[in-house]
Amino acid sequence: MARKKPRKSVSPRKAGKGGAPPDRRRRWATAQSIAASQRDISVSEFFAKNRHLLGFDNPRKALLTTVKEAVDNAIDACEEAGILPEIWVHTRRVEGGNGQDRFQVGVQDNGPGILKKQIPLIFGKLLYGSKFHRLRMSRGQQGIGISAAGMYGLLTTGKPVKIMSKVSVRKPAHYYEIQIDTKRNRPEIVNGRGEGKEIPPGTRGEKAIEKHGIEWIESNHGTRVTIELEAKYQRGRGSVDEYLEQTAIANPHVALHYVDPDDNKRDYEAVAERLPPEPREIKPHPYGIELGMLVAMLKNTKAPTISQFLTKSFSRVSPAVARRICEGAEISTRANPKRIGRREADAVYQAIQQTKIKAPSTDCISPIGEELILKGLHQVVPGEFYAAATRPPAVYRGNPFQIEVGLAYGGGSTAHRISRDALADLIEETDSRTLRQFLAMTFDGLGTDAADRIIKEADLKTRMAPRNLKTKDVDLLHHAMQNVNVHDGQSMTVLRYANRVPLQFQAGGCAITQTVMSTNWRSYGLAQSRGQLPRGPVTIMVHMGSVWVPFTSESKEAIASYPEIQKELRLALQAVGRKLGMYLRRRKRVKHEGDRRAVFMRYLREVAGAVSQINRTDEEKLYGQLLKVARKKTAEADVRLDDRGRPIDEDELDLGENVLIVDPSEAAEALAEKIREQKDENNNGQGRLF
């Protein structure tokens, strides 16, 4: 058999495309050249290129994220110092050099202030803070937010962050202008020759503040941060206005003063005179750790024995529990933790999972409470029925959490409450492509069906661009919004919170929204299609408090769907749903009996007259007797409920505690009053959308 000749190999230096020689001018990389180009990547440099991970993916969202991070830090600082928070938020337009919209955001609090040496690190370094390593409920978690907002402002405008902080009326205040060095993740102080400025107390300080052009609302102590950034201001859903309104609901002890870029002013007064209970820090629970974390803890511990390591490093581990864990892992309780190998550590980890350990302590969580939820909802959301429920604390992955739900029924849609001038401003500001999209995305609870009915009533086209509307078209649209009944197609408005902070984006990927849609609201008197939010004039707020909220991303916009969390959400939603169902069924029966009585009253006079002519009886006396019988048969039409859902004259209906009922006429009057106030503010140049 003839042997085949081996094919000649072609050298890569000679071969090119189609067998042609390669470009000899190109130099190929070597191991040495690749190694020379490799370097460390700082965390600030990473997030500067991936700002969307932190919520700075578009100008509108960047403005909201900046305000949100500053307000959250301000409230946390006040609460930790035992001070009732008072927050001032000011946003204004400034001249932009490249034609882009620029805004200056200023947020000031009445908190304890910040020490001089800590100010540059807090505002000029990513992943620096006091909340990451402790297990207790707090708004911030990662030490990224406010410094990332300053970094975004620096990248888009080149302007540093301005901070003024004061710890005492008798001590000098400190004023810094800081920018972050993204390559080294370090703060750079650009004023006062790298040392900042000291503002003396008293009259001298007032003159210094005026001289340097520092923005400051006079206070004995507190901090103000000012950031200039490229952004976009727009009212409606997902706006700064909506965020502050929702913050007022979940934080009734906070006083908020807000001035928007159009100089409209809005004050949210505190309705609670006491701070919420301070959450306590706890140690990690054994069920919440993973094997790699356990190995690292064993390596770094100073405990002399494995038994002491378990009792001092974890919560709910007593010496008896530690002994059972060691017995399950088949190691001595006096073994040195630093000498435990990988196999023994795995055995300890498996023994922890198989040992029965008490759930962690729940005093690390500070719930809002049913009473304050009712007050907060009643202050902001017009309605006729309010209910609240707080679930007992539960645990996921060893982390304690607690679910609270508040519900408001009735009132009117935001589409009914808007003034003509505010509608025109919204149309001018919107970036929606179609009129239907504008209505559905701008007004909470207004679905596409209701939007189509409004557009049809206004004799407009659904796919026309909002900015192409003429003055006459805006008038027609506003008239239709005021007169079309949107309740039938209005979907439930869901307000989501995590550690008292509103969540305004990624609603579809959040466990709260998914659980609300999967709950059967039809059994509670609301219309609902499968896999959709229920329809009706309903607003529901859901709050999750935890030592570590499982967000789906660093931007903290949605909660992960753990089975334990979804179970507690479902039970809390069912609790308020049952109260709503009882109220709606009673109201339906009262209306039915009222309609029956109206029918009786229509014919009683004629019946009494006809019978009196036949039997020659007294017509008035007979009419009075028939009227008495009709009222007795339809007595339920006279039922009136008190503000806790209990009948005033009967004991048939008991909605339980944590229910607030407002007379429908009072709810309508409250809504009308809001509309009148809004019109007055618009006439004075201080209007507000909602």
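Any residue that is without any contact (Cβ under 8 Å) to a residue 40 or more places away in the chain, open to solvent by 10 Å² or more (accessible area, probe 1.4 Å) and assigned to a helix (DSSP H, G or I) - is there at least one of those in the range 66-75?
From the range 66-75, those without any contact (Cβ under 8 Å) to a residue 40 or more places away in the chain are none; that's our starting set.
The answer is no, given that none of the residues of the range 66-75 is without any contact (Cβ under 8 Å) to a residue 40 or more places away in the chain, open to solvent by 10 Å² or more (accessible area, probe 1.4 Å) and assigned to a helix (DSSP H, G or I).
I'm told residue 145 meets every condition in (1) modelled with pLDDT under 90; (2) out of contact with any Gly (no Cβ under 7 Å at 6 or more places or on another chain); (3) surrounded by fewer than 18 Cβ atoms within 10 Å (Cβ to Cβ) except one. Can you identify the failing condition by its number?
(3)
Being at pLDDT 90 or above and closer than 30 Å to residue 456 by Cα is the filter here; which residues of the range 473-512 pass it?
Hits for the range 473-512 are 494, 495.
What residue, among those in the range 76-94 that are open to solvent by 10 Å² or more (accessible area, probe 1.4 Å) and β-branched (Val, Ile, Thr), is farthest from residue 156 (Cα to Cα)?
Going through the qualifying residues, I end up with 83.
Being part of a helix (DSSP H, G or I) and surrounded by 15 or more Cβ atoms within 10 Å (Cβ to Cβ) is the filter here; which residues of the range 550-569 pass it? Break it down into steps so the answer makes sense when it comes.
First, the residues of the range 550-569 that are part of a helix (DSSP H, G or I): 563-569.
565, 566, 567, 568, 569, listed by residue number.
So, restricting to strands (runs of 3 or more DSSP E) that lie completely within the range 171-243, which ones have at least 3 residues that are open to solvent by less than 40 Å² (accessible area, probe 1.4 Å) and either of a type in the set (Val, Ile, Thr) or modelled with pLDDT of 90 or more (or both)?
Values: elements: 173-181, 186-189, 197-199, 222-230.
Output list reads 173-181, 222-230.
Residue-wise test of (1) closer than 30 Å to residue 393 by Cβ; (2) surrounded by 18 or more Cβ atoms within 10 Å (Cβ to Cβ); (3) in contact (Cβ under 8 Å) with a residue 40 or more places away in the chain; (4) more than 19 Å from the chain's Cα centre (by Cα).
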{"position": "547", "(1), (2), (3), (4)": "yes, yes, yes, no"}
{"position": "579", "(1), (2), (3), (4)": "yes, yes, yes, yes"}
{"position": "582", "(1), (2), (3), (4)": "yes, yes, yes, yes"}
{"position": "599", "(1), (2), (3), (4)": "no, no, no, yes"}
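In this structure, does residue 250 turn out to be at negative phi and buried (at least 18 other Cβ atoms within 10 Å of the Cβ)? Let's see the steps before the verdict.
On the way: at negative phi: yes; buried (at least 18 other Cβ atoms within 10 Å of the Cβ): yes.
Judged against the criteria, residue 250 is a match.
Is there any pair linking a residue in the range 528-539 that is assigned to a strand (DSSP E or B) and polar (S, T, N, Q) to one that is modelled with pLDDT of 90 or more and open to solvent by less than 50 Å² (accessible area, probe 1.4 Å), with Cβ under 6 Å and at least six apart or on different chains, and which?
Taking only residues 6 or more apart or on different chains, the pairs are 539/408.
Need pairs with beta-carbon distance below 7 Å; first residue free of Cβ contacts under 8 Å to residues at least 24 places away in the same chain and within the range 156-185, second surrounded by 24 or more Cβ atoms within 10 Å (Cβ to Cβ) and outside any strand (DSSP E or B); sequence gap 6+ or separate chains.
177/160
Looking for something surrounded by 22 or more Cβ atoms within 10 Å (Cβ to Cβ), touching a helix residue (DSSP H, G or I) at 6+ places or on another chain (Cβ under 9 Å), on the phi < 0 side of the Ramachandran plot and not hydrophobic (A, V, I, L, M, F, W, C) - is there at least one such residue anywhere in the range 46-64?
No, every residue in the range 46-64 fails to be surrounded by 22 or more Cβ atoms within 10 Å (Cβ to Cβ), touching a helix residue (DSSP H, G or I) at 6+ places or on another chain (Cβ under 9 Å), on the phi < 0 side of the Ramachandran plot and not hydrophobic (A, V, I, L, M, F, W, C).
Could you run through the range 123-137 and say how many residues are crowded, with 20+ Cβ neighbours inside 10 Å, within 22 Å of the chain's Cα centre (by Cα) and at pLDDT 75 or above?
At the first step, the residues of the range 123-137 found to be crowded, with 20+ Cβ neighbours inside 10 Å are 123-126, 129, 135, 137.
This time we only want the ones that are within 22 Å of the chain's Cα centre (by Cα), so: 129, 135, 137.
From what's left, at pLDDT 75 or above: 137.
The number of residues fulfilling the criteria is 1.
Determine whether residue 263 is modelled with pLDDT of 90 or more, open to solvent by 60 Å² or more (accessible area, probe 1.4 Å) and outside any helix (DSSP H, G or I).
Numbers: modelled with pLDDT of 90 or more: no; open to solvent by 60 Å² or more (accessible area, probe 1.4 Å): yes; outside any helix (DSSP H, G or I): yes.
So residue 263 does not fit the description; no.
Testing residue 87 on (1) outside any loop (DSSP other than H, G, I, E, B); (2) out of contact with any Leu (no Cβ under 6 Å at 6 or more places or on another chain); (3) under 19 Å from residue 161 (Cα atoms), one condition comes back false. Which one is that?
In the conditions (1) outside any loop (DSSP other than H, G, I, E, B); (2) out of contact with any Leu (no Cβ under 6 Å at 6 or more places or on another chain); (3) under 19 Å from residue 161 (Cα atoms), residue 87 misses (2) alone.
A quick yes/no check of all residues on (1) small (Gly, Ala, Ser); (2) in contact with a strand residue (DSSP E or B) (Cβ under 8 Å, 6 or more places away or on another chain):
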position: 494; (1), (2): no, yes
position: 498; (1), (2): yes, yes
position: 506; (1), (2): no, no
position: 523; (1), (2): yes, no
position: 547; (1), (2): no, yes
position: 562; (1), (2): no, yes
position: 568; (1), (2): no, yes
position: 578; (1), (2): no, no
position: 588; (1), (2): no, no
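Listed here are the residues, each with its yes/no results for (1) open to solvent by 50 Å² or more (accessible area, probe 1.4 Å); (2) out of contact with any helix residue (DSSP H, G or I) (no Cβ under 7 Å at 6 or more places or on another chain); (3) assigned to a loop (DSSP other than H, G, I, E, B); (4) at pLDDT 85 or above.
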| residue | (1), (2), (3), (4) |
| --- | --- |
| 267 | yes, yes, no, yes |
| 275 | yes, no, yes, yes |
| 279 | no, yes, yes, yes |
| 284 | no, yes, yes, yes |
| 287 | yes, yes, no, yes |
| 295 | no, no, no, yes |
| 299 | yes, no, no, yes |
| 302 | yes, yes, yes, yes |
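When you go through (1) touching an Asp or Glu at 6+ places or on another chain (Cβ under 7 Å); (2) farther than 20 Å from residue 558 by Cα; (3) not charged (D, E, K, R) one by one for residue 31, which number turns out not to apply?
(1)
Run residue 466 past the list (1) closer than 30 Å to residue 542 by Cβ; (2) touching a helix residue (DSSP H, G or I) at 6+ places or on another chain (Cβ under 9 Å); (3) modelled with pLDDT of 80 or more and report the number of the one that doesn't hold.
So the condition that residue 466 fails would be (1).
So how many residues does the range 498-520 have that are surrounded by 23 or more Cβ atoms within 10 Å (Cβ to Cβ) and among the aromatic types (Phe, Trp, Tyr)?
Matching residues across the range 498-520 total 0.
The values are calculated or read from the model by the stated rules, or taken from the named source; none is laboratory data. In this text, all values refer to a predicted model and were calculated from it rather than measured experimentally. Virtual Cβ from ideal backbone geometry, glycine too; neighbours counted across all protein chains shown. Heads up: the accessible areas ignore ligands, DNA and RNA and are worked out on the full protein's heavy atoms, side chains in. Shrake-Rupley method; radii C 1.70, N 1.55, O 1.52, S 1.80 Å.
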